[in-house]
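The values are calculated or read from the model by the stated rules, or taken from the named source; none is laboratory data. All values reported here derive from a predicted model rather than from experimental measurement. Positions of Cβ are backbone-derived with ideal geometry, glycine not excepted, and every protein chain shown enters the neighbour counts.
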Amino acid sequence: FSFGSVEADFESGIVKRAGQPVPLAAKEMQLLRYLVENRGKVLPREEILADVWEYQSGVSSRTIDVHVAWLRQKLEDNPASPRFIHTVRGTGYRFGE
């Protein structure tokens, strides 16, 4: 899957930005894949917690926010004004342009 200057091969676990490898932690990769697979859909934090983190103890919606921030730092051209990973205030996140 590709978006902007990013290419993600979820089967091999390799993500590149502008042709350069981008190291992602396992949860970052799972979260990115989940967002991409549900692109265009608003994903509530609770749904992300259930499907990506499987409600592991000690995981809060702030954990999701932190992981999204890390993905933006690594993948977005301008993390402060994301083009692909959008926040839907009071609800969750949406992937798409």
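With respect to (1) at pLDDT below 95; (2) in contact with a Leu (Cβ under 8 Å, 6 or more places away or on another chain); (3) not basic (Lys, Arg), the lone exception for Leu49 is condition (2). Taking first residues from the range 32-51 that are within 11 Å of Phe10 (Cβ to Cβ) and partners that are surrounded by 15 or more Cβ atoms within 10 Å (Cβ to Cβ) and among the charged types (D, E, K, R), the Cβ contacts under 7 Å between residues at least 6 apart in sequence or on separate chains come to Tyr34/Asp51.
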